[in-house]
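Data first, discussion second: the structure below is written as structure tokens.
Every read-out reported here was derived from the displayed coordinates using simple, explicitly stated rules and does not represent laboratory data. What you are looking at is a predicted structure, and each value in this text was computed from that prediction instead of being measured. Using ideal geometry, Cβ is built from the backbone for each residue, glycine included, and neighbour counts are taken over all protein chains shown.
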Amino acid sequence: MAPTTGSADSTHRELRNEVRKFLAAEISTGTFIPQCDSWMAGFDPAFSARVGERGWLGMVVPTAYGGHGRSPLERLVVAEEMLAHGAPVAAHWIADRQTAPNLLKFGTEEQKERYLPGIASGTTFFAIGMSEPDAGSDLASVRTKAVEDGDSWRLTGTKVWTTGAHLAHAMIVLARTDTDESGRHGGLSQFVVDLPNPNIEIRPIRSIDGAAHFNEVIFHDAKIPRSALLGTRADGWVQVMSELAFERSGPERYLSTMPLLRAWAERLRAQGATPEQRVALGMLTSRAWTLRRMSLIVATELAAGRSPDVMAAMVKDLGSTFEGDLVDVVRRSSDVAARLHTEDPFAELLAHSLLHTPAFTLRGGTNEILRSIIGRGMGLR
């Protein structure tokens, strides 16, 4: 049930088959056990390095910066297969998904040369410093400040829900640098901040399953070089909206739970399915294909240099709702009780999916915020 491009392009077919063979071999040797939400929870630096060695990271990055100069659709093929197989891609996911294109679009030559080769090799990991305790999805309310100090900047404030910050080599931080005279969206800038830093405190936030993928990051007047500024000062809002288009529209917005759907389909195939289960499986599959088509449209727009913010918000809103529905439908339609630490892989997969479900409609922007973006974009408010 892993999605296919349906394209006559033999390059895409060959690449997809190559990735599938690689993942099948990794699973058969016990390198990883397929899991849902693997792009958030599956942190495995060794796996990321192996993916990088095969040229499947930094695919759209020019060869001059250690990348491979391939197309966004080829990158999408790899991303789809990794997610559909529940591969442990969390270490490199953020860097490859949005940091690389952000640096390519707004970074200085020095920043590109410093960070892009490591992203392409799967050895440099990034975190995102956007949400704050009193801002959340409302990024216009960001309070973290960056103040000039000679040839440096001083960062003060707190970020929250920062995935993988305790393991990242750097993070892109959104901070207020100027008086907000042009409205709530003015005066913001982005910075590339290296980690660790003696004046940056990283505190784990444990989720309901006991894991600590999220963090609170506190900047105690942290000193960073002037060269850390990403893009143009006070243009942070425009830049972050461009970055969020990559974050919100990717295949992880509807494929995070695909390993559960695949496992359920295999279970039904082996044990026999009732008419009701067949209908439920068909409905979920058709919704996944619709979301995939929307995601492809956004990928095409991004590849053309456009900023499809509204469509990306739609994909995130509909995708996160779909993923929650998928877990709920499988739970209600299955005769298996979700359990952790059990010998039944399906029961454990279902249990992990249930525990991750509350985050689906929060990360990358709450559904309420996304619908506000969609409404404004369509001229409805």
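When only alpha carbons are used to place a centre, region 184-209 and region 228-270 end up 20 Å from one another.
Computed from Cα positions, the angle between helix 367-377 and the longest principal axis of the chain comes to roughly 70 degrees. Between the helical axis of 345-356 and the longest alpha-carbon principal axis of the chain there is an angle of about 30 degrees.
Working note: Cα gyration tensor of region 80-171, eigenvalues times five, square-rooted, sorted largest first, giving semi-axes of 25, 19, 11 Å. Spin-label model, Lys21 to Thr285: label points 7 Å out along the Cα-to-beta-carbon direction sit 2.6 nm apart.
Can you pull out the trypsin sites (Lys or Arg not before Pro) in region 163-254 that DSSP calls coil and that have at most 13 other Cβ atoms within 10 Å?
Those that pass, being in a loop and sparsely packed, are Arg184, Arg206.
Stokes-Einstein diffusion for region 11-98 at 4 °C, viscosity 1.567 mPa s, with a Kirkwood radius from C-alpha pairs, works out to 100 µm²/s. In plain terms, the chain from Ala270 to Asp149 could stretch by 37.0 nm, reckoned as 0.36 nm per residue minus the Cα-Cα distance.
Kindly identify region 282-352 as rounded, prolate or oblate by the Cα gyration tensor criterion: order the square roots of the eigenvalues as a ≥ b ≥ c, call it rounded if a/c is under 1.5, otherwise compare a/b with b/c, prolate if a/b is larger, else oblate. Verdict is prolate for region 282-352.
Globularity index of region 250-377 is 1.16 (Cα radius of gyration / 2.2 N^0.38 Å, N = number of residues).
Region 128-233 has equivalent-ellipsoid semi-axes of 23, 17, 10 Å, by the square roots of 5 times the alpha carbon gyration tensor eigenvalues, sorted largest first. In the chain, the calculated helix contribution to ellipticity at 222 nm averages -15000 deg cm²/dmol per residue, counting -39,500 (n - 2.57) for every DSSP H run with n ≥ 4. Of interest is the spacing of the C-alpha centroids, which for region 115-181 and region 21-89 amounts to 25 Å.
Take the chain and mark each of the GluC sites (Glu not before Pro) that is in a DSSP loop with at most 13 other Cβ atoms within 10 Å; the longest unmarked stretch, sites excluded, is 1-180.
So for the pair Arg293, Asp209, with labels modelled 7 Å out along Cα→Cβ, what separation do we get in nm? Taking the simple label geometry, Arg293 and Asp209 are separated by 3.2 nm.
Stretching the chain fully between His341 and Thr31 yields a gain of 109.7 nm (0.36 nm per residue, less the alpha carbon separation). Which value in Å is the Kirkwood Rh of the chain over different Cα pairs? So the Kirkwood estimate lands at 21.4 Å. Hey, what angle do you get for helix 309-333 against the long axis of the chain, alpha-carbon based, 0 to 90 degrees rounded to 10? Between the helix axis and the principal axis of the chain, the angle is about 40 degrees.
Ellipsoid fit via the Cα gyration tensor, region 72-118: semi-axes of 24, 11, 7 Å, each the root of five times an eigenvalue, largest first.
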